[in-house]
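Since the structure comes first, as structure tokens, the remarks are kept for the end.
The values are calculated or read from the model by the stated rules, or taken from the named source; none is laboratory data. Keep in mind that this is a model prediction, so the values were computed, not measured. FYI the Cβ positions are ideal-geometry reconstructions off the backbone, even for glycines, and counts take in every protein chain you see.
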Amino acid sequence: MSFASDRLREEISEIIFLDQHCHAPLRLDGPLDPLTLRAAFTESTDPQVQEQDVTGTTGYRMMIRWLAGLLGADPTESAVLTARSTYDVADYYRLLADDARLGPLFNDFLFQHELAYTSAEWSELTGRPVRELMRIETLAEQLAGEHSSWESFRQAFSQALVSSISTGGCGFKSIAAYRTGLQVQPVDAATASAAFDDYRSELDQSGGERVRLARKPLIDALIWETLEVAAELQLPLQFHVALGDDDVYLPTSNPVLLRAIFREPRYRQVPIVLLHCYPFVREAAYLTSIYPNVYIDLGLTVPLAGSNCAALIAEALGVAPLHKILASSDGHAVPEFQWFAARLWRAALTEVLSTNVERYMMTDREAIEAAAMILHANSERLYPGTK
């Protein structure tokens, strides 16, 4: 390891990690079992993949080894889980949060919210401020049954978005990528109304059961409504891109399909944050370079890409402006995922930036400034009231 790498590693290790997209972990009834830990480190819901394949990935093996070092255990899954079980829940969460040097956490709180800690509980466990991101499709599912017309529903939906911010929320999130795809098009009122009526019919026939919202005209209309609110409040709208739930259809989750939104003059001041992005890292980075309000975040790709994380960050850095790269963990299910993602972000950034310094592409100071921008400063600028 070079002197430049050692120096950068030391300085970058102290930079706060503002997690601008994550999910509160699940409540566990007892000690963490191996399968629950493994399941968090794959987007597959196939039990065979979760049980047999996860332990063969470089990311999972790295996580176990690093966690063993923190807990003073042998570098095996069983030894780590045994050591973990000796901690009080609050002490363990605080240990991981402090070691990862976490800053504020932006909680996409409607993901598994029935099973997860509340934002307030998570803040208490970690000792970090937790702000909430509103997942618009889930919000729509919660509201639709209360309204008999598109216009009534539309107004209530927009009001709920505004209310979420007035109570401490920080932005909005769309999961259209794994519902109906990212080729979002304008929708007239008649089409939106017909789509809403069809969805309401499904609800009426469901006997009170939740009905997954997967009607493209309705989801597209909700995205445009959200953009109106985001423009008024000057808040970001995050889009899930590609890597994620195993029902994502990759051809329709490419971020280039959001072109109609990028080119709409009314929303040029709305920050559009492209989350995850694998395998479309190159496309997402390119979009940040040609549209003034597009940002890239490789959370979830980091840490799931394991030993390839540095290469993917380097690819984004090659095209994307430094002030338009954000960091997150997409932490979920277990606190180890968020902890490991923060650690791996720093390690991968150190590798990429030290290479740039050694090749005289950056000075030491520029490299440190770049790391700080990516790990927290860019998000602090983008989300009002973060500091």
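Data overview
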| quantity | calculated |
| --- | --- |
| R179 vs. criteria out of contact with any strand residue (DSSP E or B) (no Cβ under 9 Å at 6 or more places or on another chain) and of a type in the set (K, R) | yes |
| Residues of the stretch 232-289 satisfying the condition of being in a loop (DSSP other than H, G, I, E, B), more than 24 Å from Y383 (Cα to Cα) and among the charged types (D, E, K, R) | D245, D246, D247 |
| Selection count where residues are crowded, with 19+ Cβ neighbours inside 10 Å and assigned to a helix (DSSP H, G or I), scope the stretch 302-316 | 8 |
| Subset tally (residues that are of a type in the set (G, A, S), touching a residue at least 12 places away in the same chain (Cβ under 8 Å) and in a loop (DSSP other than H, G, I, E, B)) for the stretch 1-56 | 5 |
| Subset of the stretch 143-193 (residues that are of a type in the set (F, W, Y) and either in contact with a His (Cβ under 6 Å, 6 or more places away or on another chain) or within 20 Å of P251 (Cα to Cα) (or both)) | F153, Y178 |
| Residues that are among the polar types (S, T, N, Q) and more than 22 Å from N308 (Cα to Cα), drawn from the stretch 40-75 | T45, Q48 |
| Residue within the stretch 342-358 that is crowded, with 22+ Cβ neighbours inside 10 Å, of a type in the set (A, V, I, L, M, F, W, C), closer than 22 Å to A284 by Cβ and touching a strand residue (DSSP E or B) at 6+ places or on another chain (Cβ under 7 Å) present | yes |
| Those residues of the stretch 92-121 which are part of a helix (DSSP H, G or I) and more than 30 Å from I219 (Cα to Cα), in sequence order | Y92, Y93, R94, L95, L96, A97, D98, D99, E121 |
| Selection status of I15, under 24 Å from the mean Cα position of the chain (by Cα) and assigned by TED's automatic domain parsing to the domain that holds G169 | yes |
| Lone unmet requirement of (1) farther than 22 Å from R7 by Cβ; (2) more than 18 Å from the chain's Cα centre (by Cα); (3) assigned to a helix (DSSP H, G or I) for P292 | (3) |
| Number of positions in the stretch 317-356 that are in a loop (DSSP other than H, G, I, E, B) and either modelled with pLDDT under 95 or touching a Gly at 6+ places or on another chain (Cβ under 7 Å) (or both) | 4 |
| The stretch 153-187 - residue that is touching a Leu at 6+ places or on another chain (Cβ under 9 Å) and among the polar types (S, T, N, Q) and, of those, surrounded by the most Cβ atoms within 10 Å (Cβ to Cβ) | S174 |
| Matching residues in the stretch 308-324 - criterion: being over 27 Å from T57 (Cβ atoms) and not aliphatic (A, V, I, L, M) | P321, H323, K324 |
| Residue count for the stretch 162-175, restricted to those that are touching a strand residue (DSSP E or B) at 6+ places or on another chain (Cβ under 7 Å) and either among the small types (G, A, S) or in a strand (DSSP E or B) (or both) | 7 |
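To keep it simple, each residue is scored yes or no on (1) closer than 25 Å to T57 by Cβ; (2) touching a residue at least 24 places away in the same chain (Cβ under 8 Å); (3) surrounded by 14 or more Cβ atoms within 10 Å (Cβ to Cβ); (4) over 22 Å from the mean Cα position of the chain (by Cα).
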residue	(1), (2), (3), (4)
A79	yes, no, yes, yes
R84	yes, yes, yes, yes
Y87	no, no, yes, yes
L96	yes, yes, yes, no
L102	yes, yes, yes, no
L110	no, yes, yes, no
E114	no, no, no, no
A120	no, no, no, no
